[in-house]
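This report refers to the structure that appears directly beneath it.
The values are calculated or read from the model by the stated rules, or taken from the named source; none is laboratory data. The shown structure was predicted, so the numbers you read here are calculated from the model rather than taken from an experiment. A quick note on method: Cβ atoms are made from the backbone with ideal geometry, for glycine too, and the neighbour counts reach across all protein chains shown.
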Amino acid sequence: MSPLIGITTSVNSRDYEVSNQSVVMLPSNYPSAIKNAGGIPLLLSECDDVDELLDCLDGLVISGGRDINPNLYGEAPHEKTVDFSDSQDKWEKSLIEGAIDREIPLLCICRGHQLLCVIRGGKLHQDLPTTKGFEEHGATGGEWSDHIVKIEKNSLTSELLGNEIIGNSGHHQGVYEAGDLKIVGRSLDGLIEAVELNEYPFLISTQWHPEMLKQNSIFEGLIQASMQ
């Protein structure tokens, strides 16, 4: 049987049927990547029954999206940190912690990568364009750019993608401390772009978007792990 892979969504205000409606959203390339890799994508919206939900899943993707409330890592919001949702932070934090407790195969992307690192004791640069050394990291504000990411040898990420890949940037925040996670990928300016968790069957976390870049092998790895 094909594994059931949950993918988190975000609630945003959009003109949809009526103006300023709260809409559950996810770019279609996430479920397409799961489907193409042989899994069944299940879009997840915020709920209280996290344990019951996780009991139904074979794998989990924490997707990209808005900023994280800096209170989670003991800081006040930067003037550019204006779009965050406490309910989404709480829900996805519960999902990640519950998945790790169950050793559910886990892929965290962009916002998901940042939230995972925060949960495990890390911290974020709240605005890369105004952070010394990262002013030219990449595009933000709805624009996208590409850059090189160096991947550590003997990591799960390198087994699937190789030791050097092209990542993309559309994010204005980034990880500067990864807590107890193993750092396995950095951009040339030193930003933490990929992490894993030691002794965990399958956990990959990327700052870039493999679903946008058609890096199918990372999703195939998730599906294979979810079938075991």
note = Contact list, first residue from the stretch 1-22 and at positive phi and of a type outside the set (A, V, I, L, M), second anywhere and surrounded by 15 or more Cβ atoms within 10 Å (Cβ to Cβ) and modelled with pLDDT of 95 or more, beta-carbon distance below 8 Å, six or more apart or interchain, is none
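For the stretch 32-87, what are the residues that are among the hydroxyl-bearing types (S, T, Y) and either under 21 Å from C117 (Cβ atoms) or in contact with a Phe, Trp or Tyr (Cβ under 7 Å, 6 or more places away or on another chain) (or both)?
Of everything in the stretch 32-87, those that are among the hydroxyl-bearing types (S, T, Y) and either under 21 Å from C117 (Cβ atoms) or in contact with a Phe, Trp or Tyr (Cβ under 7 Å, 6 or more places away or on another chain) (or both) turn out to be S63, Y73, T81, S85, S87.
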inquiry  = Condition (residue is farther than 19 Å from D89 by Cβ, of a type in the set (S, T, Y), modelled with pLDDT of 95 or more and touching a Cys at 6+ places or on another chain (Cβ under 9 Å)) applied to the stretch 153-163: is it met by at least one residue?
reply    = no
note = The correct count of residues that are closer than 21 Å to I96 by Cβ, in contact with a Ser or Thr (Cβ under 7 Å, 6 or more places away or on another chain) and not in a helix (DSSP H, G or I) in the stretch 143-175 is 1
inquiry  = If I filter the stretch 58-67 down to residues being without any contact (Cβ under 8 Å) to a residue 60 or more places away in the chain and buried (at least 22 other Cβ atoms within 10 Å of the Cβ), which single residue comes out as farthest from G122 (Cα to Cα)?
reply    = L60
inquiry  = Being in contact with a Ser or Thr (Cβ under 8 Å, 6 or more places away or on another chain), of a type in the set (G, A, S) and farther than 18 Å from T206 by Cα is true for just one of S2, S45. Which residue is that?
reply    = S45
request  = Mind checking which strands (runs of 3 or more DSSP E) fall wholly inside the stretch 1-103 and carry at least 1 residues that are over 18 Å from G221 (Cα atoms) and either in contact with a helix residue (DSSP H, G or I) (Cβ under 9 Å, 6 or more places away or on another chain) or of a type outside the set (S, T, Y) (or both)?
outcome  = 4-8, 10-16, 18-25, 40-44
remark   = G133: passes all of (1) surrounded by 13 or more Cβ atoms within 10 Å (Cβ to Cβ); (2) farther than 25 Å from L197 by Cα; (3) out of contact with any helix residue (DSSP H, G or I) (no Cβ under 9 Å at 6 or more places or on another chain); (4) not hydrophobic (A, V, I, L, M, F, W, C) but (1)
query = Here are some conditions: (1) assigned to a strand (DSSP E or B); (2) of a type outside the set (G, A, S); (3) farther than 19 Å from L26 by Cβ. T140 meets all but one. Which one does it not meet?
reply = (1)
request  = Would you be able to say whether some residue in the stretch 145-166 is in contact with a Leu (Cβ under 8 Å, 6 or more places away or on another chain) and small (G, A, S)?
outcome  = no
